[in-house]
Each structure stands twice: as structure tokens, then as C-alpha cells.
Amino acid sequence: MADFKDMTGWREELEAWRLTDGYKKNQEWYYSVCEDLVPVSYLIELVDLLLRNDECLGAYKEVEAWESEKLRTNDNNRDDYPGFALSTLSEFKNWYLFQKSLRPNQPAFRRAMDLAELIRNGEISAAQSPGAIEYLKQNHGDRFIDFER
């Protein structure tokens, strides 16, 4: 398992895991929608990691620049969609979930990805802030998140 203090090699570690028999035998379980509540501490940790990783920060900047340009030009037919940047963020999330032995199709993790973007944009001060917890609660948190853990 990777050390969250040093996240170098996270992509390679994720790819190596995907080649294991354990992953191959459990893909149906791994990619099925999970109804379990996720501890809020996991979401906060994921947000903090996303915002500490240079590759993820670069991906967020690329997506934000693309969205800003799209709004500025009012061009909904742009063909330069930042797919690699979005893939980077999704893959990093999957790497984190692999580290925690969690399934990726848990709606709570989409909220964590959105929260990281709100913090990057300055709309919420920090992942541990009351505003972050309130955001999670207001966005279907009661259905997906365990706020006691």
C-alpha cells in the first residue's frame, strides 16, 4: 500500500493492482453500486490528498481553464474536452479507494470530488471546515455519508 505522505507512483500502483487475480476475480463486486454509508473522515482525507497532489492540482487547473473558456465564448460545441485531466482525477480517486479497500461506485465520492473543486475555487475554506461538512450534508449526505465516523 502506498504511503499517503509520499504519493509518487500512485498511477503505477493502481495499474499493477488491476493486473492482479484479486482484481480480475472481483471486478463485478468492485464496480457495482455500493449502498453502504461512507465515513466522512474518508471523504475529508480524499479531498486533502487531491489538493496536495501536484498532478491532481494541474488537472483541476486544466478543467477550470477549459470551463472558463467555454463560459467566456459560450461555445457548447468545443471539441477540446479535457478528458485526460478528468481521467487523472478519477484515477486518483480510484487509487485512494483501492488503498482503503472501497468500491468506486459509491455516490459519496462524487461529493468529495466536487468539494475539492469548491475548495480550489475558494468557495469553501478547507476540507475540515464547517462549510465543507455542511456542503456534504446538503448534497444527499444523509443517504451516502456516515457523519459519525
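On the stretch given as region 12-31, residues that are surrounded by 11 or more Cβ atoms within 10 Å (Cβ to Cβ) and outside any helix (DSSP H, G or I) total 1.
Determine whether E13 is of a type outside the set (V, I, T) and either under 24 Å from F147 (Cβ atoms) or free of Cβ contacts under 8 Å to residues at least 60 places away in the same chain (or both). Full working, then the answer.
Numbers: of a type outside the set (V, I, T): yes; either under 24 Å from F147 (Cβ atoms) or free of Cβ contacts under 8 Å to residues at least 60 places away in the same chain (or both): no.
No.
Among the residues of region 85-134, the ones that are farther than 30 Å from W17 by Cα and part of a loop (DSSP other than H, G, I, E, B) come to 8 in all. Output the residues belonging to region 32-53 that are at pLDDT below 90 and either more than 20 Å from Y135 (Cβ to Cβ) or in a helix (DSSP H, G or I) (or both). Correct list: S32, V33, C34, E35, D36. Taking every residue in region 111-124 that is within 16 Å of E67 (Cα to Cα) and pairing it with any residue that is aromatic (F, W, Y), at least 6 positions away or on another chain, the pairs with Cβ-Cβ distances below 6 Å are R120/Y60. Every test in (1) in a helix (DSSP H, G or I); (2) surrounded by fewer than 16 Cβ atoms within 10 Å (Cβ to Cβ) is passed by C56 save one, and that test is (2). Tell me whether region 20-30 contains one or more residues that are closer than 19 Å to L86 by Cα, in contact (Cβ under 8 Å) with a residue 60 or more places away in the chain and out of contact with any Pro (no Cβ under 9 Å at 6 or more places or on another chain). Looking through region 20-30, none of the residues is closer than 19 Å to L86 by Cα, in contact (Cβ under 8 Å) with a residue 60 or more places away in the chain and out of contact with any Pro (no Cβ under 9 Å at 6 or more places or on another chain).
The values are calculated or read from the model by the stated rules, or taken from the named source; none is laboratory data. Predicted, not measured: the structure shown is a model, and the values here were computed from it. A quick note on method: Cβ atoms are made from the backbone with ideal geometry, for glycine too, and the neighbour counts reach across all protein chains shown.
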